[in-house]
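What follows is calculated from the coordinates using simple rules that are stated; it is not laboratory data. Treat the numbers as computed from the prediction; the structure is a model and nothing was measured. Positions of Cβ are generated from backbone atoms using ideal geometry, with glycine treated the same way; all protein chains shown enter the neighbour counts.
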Amino acid sequence: MTLRRLLAASLPFAALAGCLGNDVEVEGDPYSATLVSDLTVGGYYCPRTGEIAGRTIPSDNTYYITTFGGGSDAQPMACAGRADGRGLYIADSWRFGCGARVKLTNPSNGRWCVTTVADVGPNICVERAARKPIIDASPAITRELYNIGSAGWSDRVVVRAERVANTTPLGCGSGSSAPSMPTTPSTPAPGQNGGRTCYSTTWGRDMSLGACVQSRSDRVFYQCTNLGWVTSSGITSIRTGPGGPCTTYIPLNS
């Protein structure tokens, strides 16, 4: 078990998103559970109970951005969904609340993404080490804003974060352009009969909530959820995804 997984198992909500970032090698390290309980980042102790995450919103709305999720770091999130590295999700629910929409902007180039709060974290030890509030985000977001696939607290990548209306569509853009999703998964949008849909670039049409669709770009199956397209191994093995049983199942050869 990796250090990150041991930490996740020991924390409330199973979430220590971003406590390690890219600053500690976690795969294969021989840490015991006792050592994990005394973990520090940058010399600051990482609590497992009480005030485990930051609540302060800085007056200038600037933070450092870190990344979590995807690959071996994929994990369930406390609010909803799974940190698969593909969606436009962030942590920081203690600041903004689960399900809140937060607009992240690269102040250097004006590029922005509207994201959804889906997890707790990062642990307060990360912010104390960085000496600045942290936004912990999907790697899909840092690729869109900075053209980098990961960021740790010591990289000190600055982002501006502002709460926006919960009706604001998820997506990325620049200036006043309309938001667009960078890759599959795509943004959920209001559908017929009060439901929700996800637009499939592979099939060129909206798919209903619960639909499981194979993407032409990577041949992976995704399910349409309230957070957009999300993938899991259960889609191909038992036709069940993060949003429950597939309402429809559409492979590429259909």
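For ASN109 and ARG163, a Förster radius of 22 Å and the Cβ-Cβ distance give a FRET efficiency of 0.50, rounded to the nearest 0.05. What net charge do the residues around VAL117 carry, taking every other residue with its C-beta under 9 Å from that of VAL117, with Lys and Arg at +1 and Asp and Glu at -1? Surrounding charge for VAL117 is 0.
Close amide-amide hydrogen proximity is noted between THR197 and ALA189, GLY191, each under 5 Å apart and 5 or more residues distant or on a separate chain (H modeled in the peptide plane; Pro and chain starts excluded).
Give me the net charge of ASN106's neighbourhood, meaning all other residues with Cβ under 12 Å from the Cβ of ASN106; Lys, Arg count +1, Asp, Glu -1. Surrounding charge for ASN106 is +3. For segment 155-162, putting each phi into the Karplus relation 6.51 cos²θ - 1.76 cosθ + 1.60 with θ = phi - 60° gives couplings of 6, 6, 8, 7, 9, 9, 10, 9 Hz, in residue order, rounded to whole numbers and with x for Gly and Pro. Among 49-61, 120-132, 147-159, 79-91, the peptide with the highest mean count of other Cβ atoms within 10 Å heads the list, and the full ranking is 79-91, 120-132, 147-159, 49-61.
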